[in-house]
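One structure is given here, and the rest of the page talks about it.
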Amino acid sequence: MEVLRINTPLNESIVLSLKAGQRVLINGKIFTARDAAHKRMIALLQEGKPLPIDIRNQIIYYVGPSPAKPGRIIGAAGPTTSGRMDAYTPQLIALGLKGMIGKGYRSPEVEEAMRRYKAVYFAAVGGAGALLSRCIKAARVVAYPELGPEAIHEFEVVDFPAVVAIDAHGNSLYRQGRASFAGPAFNP
């Protein structure tokens, strides 16, 4: 399968065209958010207040970047475990979030929200944060600066590599991979 270059913001036709297992290079602006930022965003929604960023058609990267070394835009920026955001994610998808980047499985509730509202989950390579940071050409904090690395950043990325782990049709690279090894040798 060829590598597909996609640009942000995402639109529904792009999201629907992506298939589990497909490799992509992401270009444009993406937001970052981890546990603490997600918790605050959901609290705002529960209070009837607007989010500090417009997430419609956007991608959120689950990352807490390390401080930049002199002459660098950002420090290491590797993905964190996505499951920690699963309690918050369905609400954000319902509000128009179209993509997430992280590592690891997603809950059935997140997968259902992705199918219902047409969103996609990308996996980035864990442990490659220093390499991934080279794809980040600009970074600025846009909300919750007091959270340090867990603040919401806006990144400008060029050819950020990822794999479609779960597509908007419910196909999961994680399930496909497991099924391919489910033969007799792996089922004692």
- Among the residues listed as G75, G64, the single one being surrounded by fewer than 19 Cβ atoms within 10 Å (Cβ to Cβ) and either touching an Asp or Glu at 6+ places or on another chain (Cβ under 7 Å) or in a loop (DSSP other than H, G, I, E, B) (or both): G75
- Message: If G126 satisfies all but one of (1) among the small types (G, A, S); (2) in a helix (DSSP H, G or I); (3) surrounded by fewer than 15 Cβ atoms within 10 Å (Cβ to Cβ), what's the number of the condition it fails?
- Response: (2)
- Looking at (1) under 25 Å from N171 (Cα atoms); (2) surrounded by fewer than 19 Cβ atoms within 10 Å (Cβ to Cβ); (3) among the small types (G, A, S); (4) touching a strand residue (DSSP E or B) at 6+ places or on another chain (Cβ under 7 Å), which is the only condition G83 fails? (4)
- Task: Go through region 7-38 and count every residue that is touching a residue at least 12 places away in the same chain (Cβ under 8 Å) and either under 16 Å from L97 (Cα atoms) or acidic (D, E) (or both).
- Result: 20
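We did not get these values from a lab; they are worked out from the coordinates using the rules stated. Since the structure is predicted, the reported quantities are computational estimates derived from the model, not experimental observations. Please note: Cβ atoms are built from the backbone with ideal geometry, for glycine as well, and neighbour counts cover all protein chains shown.
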